[in-house]
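The values are calculated or read from the model by the stated rules, or taken from the named source; none is laboratory data. The structure displayed is predicted, hence computed values, not measured ones. When we count neighbours, we look across all protein chains shown, and the Cβ atoms used for this are built from the backbone with ideal geometry, even at glycine. The protein model used for the area step is the full one, side chains on, heavy atoms only, and it has no ligands, DNA or RNA in it. Shrake-Rupley method; radii C 1.70, N 1.55, O 1.52, S 1.80 Å.
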Amino acid sequence: MVGSLAFETEQKYGKLLAPYLADPENLFIISSDFCHWGSRFGYTYYQSSEDNQPCDLSVRDGRPNGVPIWESIQRLDSEGMDVITQLDHVMFREYLDDTSNTICGNHPISVLLAAVNHLYPKDVQNRDGPRLRFVKYDQSSKVCSAKDSSVSYASAYLWLPC
């Protein structure tokens, strides 16, 4: 079980767990929701288009003029999932710092990425190296108004070469 950790501690635990991750006898399960969106979660990040600066919506904003809110959430989560598939702990931390996405399991995900980075440094990763793929994504509701809320879910698997 992993709680809230500093970046350096994520790296420390990643290094500690790396040998166990490399052992094919072990199974790691990392569980996390993705974006918790809505005023009840204190997170209302919205980006009307990829070209516009993100903003925080207020319940007074109602429906924004740009893309539907649920699409903005999906784009936010997709960006995070793309970063995770790069298997780069530093890049994932930068994504979280930039967006403040409310991925509740961001620390366990970060420890996993740190373990992979310890086993397979970025300069030696190649097409035969580890791969992480997302296989399913969904949202609890399609948010249309700033008064709505939603939680996103994603599932993935990590493959490590023998």
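Residue 157 is checked against (1) assigned to a strand (DSSP E or B); (2) more than 12 Å from the chain's Cα centre (by Cα); (3) without any contact (Cβ under 8 Å) to a residue 40 or more places away in the chain; (4) within 27 Å of residue 44 (Cα to Cα) and fails just one. What number does that condition carry?
Going through (1) assigned to a strand (DSSP E or B); (2) more than 12 Å from the chain's Cα centre (by Cα); (3) without any contact (Cβ under 8 Å) to a residue 40 or more places away in the chain; (4) within 27 Å of residue 44 (Cα to Cα) one by one, residue 157 breaks only (4).
Looking only at residues that are open to solvent by 60 Å² or more (accessible area, probe 1.4 Å) and of a type in the set (Phe, Trp, Tyr) in the stretch 1-23, which one is nearest to residue 96 (Cα to Cα)?
The qualifying residue nearest to residue 96 (Cα to Cα) is 13.
Do you know which residues across the stretch 98-112 are closer than 18 Å to residue 154 by Cα and either in a loop (DSSP other than H, G, I, E, B) or of a type in the set (Asp, Glu) (or both)?
Correct list: 100, 101, 102, 103, 104, 105.
On the given criteria, is residue 141 closer than 21 Å to residue 76 by Cα and either in contact with a Leu (Cβ under 9 Å, 6 or more places away or on another chain) or open to solvent by less than 50 Å² (accessible area, probe 1.4 Å) (or both)?
yes
Within the stretch 50-97, count every residue that is in a helix (DSSP H, G or I), among the hydrophobic types (A, V, I, L, M, F, W, C), open to solvent by less than 60 Å² (accessible area, probe 1.4 Å) and within 16 Å of residue 113 (Cα to Cα).
Counting residues in the stretch 50-97 that are in a helix (DSSP H, G or I), among the hydrophobic types (A, V, I, L, M, F, W, C), open to solvent by less than 60 Å² (accessible area, probe 1.4 Å) and within 16 Å of residue 113 (Cα to Cα) gives 5.
Cβ contacts < 8 Å: first residue among the acidic types (Asp, Glu), restricted to the stretch 23-34; second residue surrounded by 10 or more Cβ atoms within 10 Å (Cβ to Cβ), any location; separation 6+ or different chain. Result?
These pairs meet every condition: 33/103; 33/104; 33/105; 33/151; 33/152; 33/153.
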